[in-house]
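Working notes for the structure below.
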Amino acid sequence: MSAIALTLAIGRYDHVEDLTTGRIAPDGIRLTCLTLPVEEIFFRFLKHREWDVSELSFAKYAALISQGDRSLTAIPVFPSRIFRHSSIYVRRDGAVRTPQDLAGKRIGLPEWAQTAAV
């Protein structure tokens, strides 16, 4: 049986480096990996479906499903392993000093469909 040719677009993460560099190869798959910035991956895949397998925001996928778009199938793979709560920043001259100070406050996000907010 011949190997299935697939192209994967994924961000540069240390824990997928062996896959993206070809040091390890999945059985039965002839894999081509594209390592691009995630914003570019998401935009190009959703707009043009340029490759077979893509990293994609969970929030964006949920939004597509909520709009009746069933053209994609999600699989439980989590390449971006970041503890999001370690990335909250507050103004030095602001009133927030402890996590409890955030109760009832407004926060900013780059877009509503950002998975970190979900």
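Only the coordinates and a few stated rules stand behind these numbers; no lab work does. The shown structure was predicted, so the numbers you read here are calculated from the model rather than taken from an experiment. Here Cβ is always computed from backbone atoms with ideal geometry, including for glycine, and neighbour counts include all displayed protein chains.
How do TYR13, TYR89 line up, fewest other C-beta atoms within 10 Å first?
So the ranking, lowest neighbour count to highest, is TYR89, TYR13.
How large is the helix-only mean residue ellipticity at 222 nm for the chain, computed as the sum of -39500 (n - 2.57) over DSSP H runs with n ≥ 4, divided by its residue count, in deg cm²/dmol to the nearest 500? Kindly include the intermediate steps, with their values, before the conclusion.
Numbers: 3 runs with 24 residues, N = 118.
Result for the chain, helices only: -5500 deg cm²/dmol.
Label ASP93 and THR32 with points 7 Å out from Cα along Cα→Cβ: what is the distance between them in nm?
The two pseudo-label positions are separated by 5.3 nm.
Based on the Cβ-Cβ distance of LEU109 and GLU50, what FRET efficiency does E = 1/(1 + (r/R0)^6) give at R0 = 22 Å, to the nearest 0.05?
Efficiency for this residue pair is about 0.25.
Would you mind classifying segment 25-67 by shape? Square roots of the alpha carbon gyration tensor eigenvalues, ordered a ≥ b ≥ c; an a/c under 1.5 is rounded, otherwise it is prolate if a/b is larger than b/c and oblate if not.
prolate
Check which residues have an amide H placed less than 5 Å from THR7's amide H, if you skip close sequence neighbours.
Those lying under 5 Å, H to H, from THR7 are THR32, ASP52, VAL53.
Once a ≥ b ≥ c are taken as the square roots of the eigenvalues of the Cα gyration tensor of the chain, is the result rounded (a/c under 1.5), prolate (a/b larger than b/c) or oblate (a/b not larger than b/c)?
Prolate, since a/c reaches 1.5 and a/b exceeds b/c.
Mind listing the phi-derived Karplus ³J(HN,Hα) values for segment 3-18, rounded to whole Hz, using 6.51, -1.76 and 1.60 with θ = phi - 60°, and x for any glycine or proline?
Those phi angles translate into 6, 7, 7, 9, 10, 10, 10, 8, x, 7, 10, 4, 7, 10, 4, 4 Hz.
Whole-Hz Karplus ³J(HN,Hα) for segment 26-39, in order, using 6.51 cos²θ - 1.76 cosθ + 1.60 and θ = phi - 60°, x for Gly and Pro?
Whole-Hz 3J(HN,Hα) from phi for segment 26-39: x, 4, x, 10, 9, 9, 10, 10, 10, 9, 9, x, 4, 4.
Using +1 at the Cβ of each Lys and Arg and -1 at the Cβ of each Asp and Glu in the chain, identify which of VAL16, SER57, PRO99 lies farthest towards the dipole's positive end.
Checked the options; the winner is PRO99.
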